[in-house]
Amino acid sequence: MSEEKNKWLSVGNSELSTIENSIKKGSSSKGKPFGSLPLDENGIPFINTEQKVIIGDDDREKVKTLEYPYNCIALLRIEHNGRQDWATGFFISERCVATAGHCVFYNGQWAKSVTVIPGANLEGYPTRWGEAKATVLRSVKGWVRDGDAEYDYGAIILPDDTLHNRLRGTMGYAEYRPEHAKEVELSGYPYSIDKLQEQYHVKGKIDRVEANRLYYTIDTEAGQSGSPLFVREGDKCVVVGVHRGANKTETENHAISINEGVICRWQEWSKI
């Protein structure tokens with residue numbers, strides 16, 4: 001198997017091998033910063049609350065309805081190493097909630113648990129659908145073993161179908177194509193004092209494509225990691241990217257583009 005294909009292999013928090021357990025915190029096997037995330041004073045990577053940026057005027061608007069697809073987009077409460085973080089995920093099947101890899105695996109460790117709260121907002125928190133706590137998490141070797149930012153995606157596997165049976169919806173997904181660039185939408189839960197637990201969305205376009213990443217000047221903040229970048233095709237919303245963060249100069253935000261490798265893993269995880 002080629003090294004690139006090896007990066008796409010699934011890794012779960014319940015089935016770590018010697019390779020995954022031997023990861024050196026703060027570095028990858030290639031000596032690069034772990035997942036291109038910033039490091040603290042001890043050389044350990046962390047999710048920087050300033051890594052997602054507002055570019056020019058803030059164009060985001062609060063979601064005013066919990067109808068499809070916004071009911072499928074969930075606030076994530078992450079318990080990790082004695083601390084609590086917030087992020088975004090979205091339903092792609094009855095029990096599989098897709099998100100960014102660093103939302104389930106960071107600081108060289110898996111999250112202890114992730115609570116999924118679909119369609120959350122301040123007025124309805126934890127919403128009429130409730131919430132579910134999950135401990136089964138997935139990502140790929142390219143992220144967990146190598147810290148390669150181009151493989152920064154993962155998933156949460158819920159213990160049963162209860163939440164899905166209440167909200168009755170999933171988002172579709174497909175490989176990114178050039179015609180998708182004209183108008184995309186991103187919706188998630190920014191982490192700030194006035195926006196926490198409220199879903200915000202914004203429309204924009206893809207400015208450029210590089211390797212496995214899509215770049216745009218759509219406004220985002222911390223907490224929106226794992227948000228779906230999607231297009232509308234008739235009455236279906238199709239995810240073409242998973243929001244990750246800003247570039248080093250903080251002039252663009254970017255997502256992991258959906259390609260054959262991502263689709264294979266999502267289909268695999270949806271069967272767990």
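Where a number appears in this text, it was derived from the coordinates with a stated rule and is not lab data. None of these values were measured; they are calculated from a predicted model. As a convention, Cβ positions derive from the backbone with ideal geometry for all residues, glycine included, and neighbour counts pool all protein chains shown.
In angstrom, the C-alpha Rg and Dmax of the stretch 163-272 are 14.1, 43. In vacuo Debye scattering of the stretch 131-194, one point per C-alpha: log10 I(q)/I(0) at q = 0.14, 0.18 Å⁻¹? So the normalised log intensities work out to -0.75, -1.13. With N the number of residues in the stretch 79-168, Rg(Cα) / (2.2 N^0.38 Å) evaluates to 1.10. Pairs from the table (LYS141/LYS236; LYS5/LYS112; LYS64/LYS203) lying more than 26 angstrom apart at Cα are LYS141/LYS236; LYS5/LYS112. Exposure proxy shown here: for LYS64, LYS203, the number of other Cβ atoms within 10 Å sets the order, fewest to most, as LYS64, LYS203. The ratio of the alpha-carbon radius of gyration of the stretch 92-222 to the globular-protein estimate 2.2 N^0.38 Å is 1.13. The order of ARG145, ARG232, going from fewest to most other C-beta atoms within 10 Å of their C-beta, is ARG232, ARG145.
Highest mean first, the peptides 221-230, 155-164, 260-269 sorted by other C-beta atoms within 10 Å per residue fall in the order 221-230, 155-164, 260-269.
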